[in-house]
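Taking it in order: structure first as structure tokens, then the write-up.
The values are calculated or read from the model by the stated rules, or taken from the named source; none is laboratory data. Here the structure is a predicted model, which means the values were calculated and not measured. Neighbour counts are summed over all protein chains in view; Cβ atoms, including those assigned to glycine, are modelled from backbone coordinates with ideal geometry. When the accessible area is computed, the model is the full protein with side chains, heavy atoms only, and any ligands, DNA or RNA have been set aside. Shrake-Rupley method; radii C 1.70, N 1.55, O 1.52, S 1.80 Å.
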Amino acid sequence: MAEVEKTIEIAVLRYRPEKDTKPVSQTFEVPFTDDMSVLQGVQYIKDYLDGSLSFRWSCRMAICGSCGMMLNGEPKLACSTFLREYYPGTLQIEALKHFPIEKDLVIDASDFIDKLGSITPYIVPAEPRSVEQGEYLQTPAQKAQYDQFSACINCMLCYAACPQYGLSTNFTGPGILALLHRYNADSRDGARETRMEIVNSEEGVWGCTLVGYCSEVCPKEVDPAKAVNLNKVNSTMDYFLRFFASGKGAGK
Amino acid sequence: MSARDPYVRPMTSWWLKNPFYVRYMIREATSVFVVLYAFVLLGGLASLVKGETAYNAWLASLANPLAIFFHLMATAAALYHTVTWFRVSPKVTPLLFVGGYRVPDGLITGVQYVIAAVLYLIIFTVAWT
Ligand code: SF4
Ligand code: FES
């Protein structure tokens, strides 16, 4: 297909810790064709215009979750968004909101990674079975209970969409709570009680005020807002069950 | 020595920076009108307890143009809240399946709109006649 080459203006918010005290915008003229992604545009800048520009990417096919950036203020995967959507006009690129900027478009994800490790992000068998006893069986209906929540690629777009996380990183946040629910909703799992402690805590689902933007920006239709908010119902039931079980208020 | 110096961006006036946030803030702000309206109703109840003159005075106060303006504003706020709340309500409902198929969020919201519309109609007809 013969493509007409056009040029788009891309303004990148840069931050070079060794010389910038705060982020500054730098504009580049980038030639592009209709089949080029924003990631390819950024790669063009690095290859031909300014080799010092830093950003993350790997798969180029919306599955590794490393290329999340703010594109004109919206959190998106740079590899699955086309430059042509922003033409004519200026495309403003900024590192994912609500995370500290390490350099240019690279954010510090350690808070997310730490939280990911804290939720027992694996199945703890409800009843241990030996290899001879065979696999754990699950009906399609049981699988459907957690399926969508298992589609998360840890891209953190939902964190960049969540003002509550931006205001306080104590909040566990949408993606991790969705993942937590993915394991709690799995019929084979037996660690629900441990995870409910995180759900019920101040930093858990109650930190959410149902802005709902997380579900809007999620590239995998995980619907983290749903996972968080139906766990408010679970958390309330949990509280009352323990209340009645102990005959008094449940501590936390 | 580490050259790291991560930059944390400020959150000042965050809610103005995305139309989605603005709509959310309006949804939250509508609750102010709901509270104020609850006080108006409470005043009505209190006057009813006090007797006929007090109640009539309360009714008359509602005819004040300012009171009418407030009620129009409160109606608009309540409508906005209803519409947007029903839209997010599927987020609170557990995953529903009918005949093995997931009930879509849009249907959950739609059914609530229909129920609300029917109820409003009934209430208006009863109040009018
Ligand atoms: S829930 Fe969606 S937006 Fe959030 S990290 Fe997972 S895939 Fe990304
Ligand atoms: S590069 Fe892997 S998701 Fe974009």
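Remarks
- Cα-based convex hull volume of the stretch A:30-167 per residue, rounded to whole Å³: 173
- Net charge dipole, the stretch A:6-107: roughly 240 debye, given to the nearest 20, about the Cα centre with Cβ charges of +1 for Lys and Arg and -1 for Asp and Glu.
- Along the stretch A:193-198 the Karplus relation, 6.51 cos²θ - 1.76 cosθ + 1.60 evaluated at θ = phi - 60°, assigns HN-Hα couplings of 4, 4, 6, 4, 4, 6 Hz to successive residues, with x for each Gly and Pro.
- Anchor A:K97: aspartates and glutamates whose Cα lies under 16 Å away (excluding residues fewer than 8 positions away in-chain): A:E74, A:D108, A:D111, A:E216
- Its Kirkwood hydrodynamic radius, worked out from the mean inverse distance over all distinct Cα pairs, puts the stretch A:6-107 at 13.5 Å.
- Of the residues B:P65, A:V205, A:L116, the one whose Cα sits farthest toward the positive end of the charge dipole of the protein assembly as shown, with +1 on the Cβ of Lys and Arg and -1 on the Cβ of Asp and Glu, is B:P65.
- Computed on the stretch A:110-245, with alpha-carbon pairs under 8 angstrom and 6+ residues apart, the relative contact order is 30 percent.
- Dipole moment magnitude, nearest 20 debye, the stretch A:110-245 about Cα centre, only Lys, Arg, Asp, Glu C-beta charged: 160
- Pairs beyond 23 Å (Cα-Cα), from A:K6/A:K103; A:K103/A:K220; A:K6/A:K46; A:K19/A:K46: A:K6/A:K103; A:K103/A:K220
- Measuring nothing but how far apart in sequence close Cα pairs (under 8 Å, 6+ apart) lie, relative to its length, chain A scores a relative contact order of 17 percent.
- Over all Cα atoms in the protein assembly as shown, the spread is summed up by Rg and Dmax: 26.0, 85 Å.
- Of the DSSP H helices in chain B, those whose Cα atoms cover at least 24 Å axially and whose Kyte score averages 0.5 or more: B:19-50, B:65-88, B:105-128
- Solvent-accessible surface of the stretch A:110-245, averaged per residue with a 1.4 angstrom probe and all protein chains in place: 47 square angstrom.
- Taking all Cα pairs closer than 8 Å and separated by 6 or more residues, the relative contact order of chain B comes to 20 percent.
- Peptide A:98-104 has a mean of 4 when you count, residue by residue, the C-beta atoms of other protein chains within 10 Å of its C-beta.
- Think of each Lys and Arg Cβ as +1 and each Asp and Glu Cβ as -1; about the Cα centre, that makes the dipole of the protein assembly as shown roughly 860 debye.
- A 1.4 Å probe, protein heavy atoms only, puts the accessible area of A:D147 near 60 Å².
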